[in-house]
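The values are calculated or read from the model by the stated rules, or taken from the named source; none is laboratory data. Since the model is a prediction, treat every value here as computed from it, not as a measurement. Glycine also receives a Cβ, built like all others from the backbone with ideal geometry; neighbour counts cover every protein chain displayed.
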Amino acid sequence: MTRMIMQFFSSLLAAEKTPPPRLRVCDGFANVRVVDQFGRSFRFRDDFVDGRALIINSMYTTCRGACPTTGATLKKLRSELSKVFGKKLTLLSFTLEPEVDTASVLHEYASRLDANKRSDDLCDWHFLTGTPVAIKELRYSLNFYDLNPKVDGDITQHDATLLFGNSTSDRWASLPAGVRHENLSSTIRRVAGFTTEQRFGLAAEGV
């Protein structure tokens, strides 16, 4: 009996010494339901995060500020980085005005950026909407918010920021979309790349 008690307490002590599994940064991304420009429904974290490199930004279709320029930047990045990442890269643009930006509205907007074009040579680019509650939860989990409630509630003052990384290495970073294009592209590769070649443009054996 004494031996059984000792074994029981020994197992408890061993359990206490076992560290809990480390949570990834991307585990904190809200797993809300979203709909893309084709009307397809997804769970954000389940369907987009694992095993992919991501570039994420916020936008809205009636934006006359930074959104058009950011869209042009993303279109160029998509063309360039698809050659590096292939289908392992996905672009995600979520609306800040879900009451207006329905799937059909986003489809029309995305067509102007050739984002609806699907081919083996281009990574996917999803424009996402959802309920106001879901979108707010999503943007807060991605740190797309301002500490000043007045600024945060005014979508015309949203930041033109790109969040990028991948779930495998769990490296994530963000930069203003207006950064010099060459610097933006190379930084995305170094943070979001899975391989040495993707990150630095070098073959692994050459490092």
TODO: Would you point out the residue of segment 149-195, among those that are of a type in the set (Lys, Arg) and part of a helix (DSSP H, G or I), that is farthest from THR90 (Cα to Cα)?
DONE: LYS150
Open item on the list: Could you list, ordered by first residue, the pairs with Cβ atoms under 7 Å in which the first is in segment 140-153 and under 23 Å from ALA173 (Cα atoms) and in contact (Cβ under 8 Å) with a residue 12 or more places away in the chain and the second is among the aliphatic types (A, V, I, L, M) and buried (at least 16 other Cβ atoms within 10 Å of the Cβ), at least 6 apart or interchain?
Closed with: SER141/ALA30; LEU142/ILE56; LEU142/LEU163
TODO: Scan segment 53-75 and give yes if some residue there is of a type in the set (Lys, Arg) and buried (at least 19 other Cβ atoms within 10 Å of the Cβ), otherwise no.
DONE: no
- [ ] For segment 94-124, enumerate the residues that are among the charged types (D, E, K, R), in a loop (DSSP other than H, G, I, E, B) and crowded, with 16+ Cβ neighbours inside 10 Å.
- [x] GLU97, ASP101
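Yes/no per residue for (1) modelled with pLDDT of 95 or more; (2) farther than 30 Å from GLY201 by Cα:
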site	(1), (2)
GLU108	yes, yes
LYS117	no, no
ASP121	no, no
ARG139	yes, yes
ASP146	no, yes
GLY165	yes, no
ALA173	yes, no
- [ ] Return only the number of the condition from (1) at pLDDT 95 or above; (2) under 18 Å from the mean Cα position of the chain (by Cα); (3) part of a loop (DSSP other than H, G, I, E, B) that PHE38 does not satisfy.
- [x] (2)
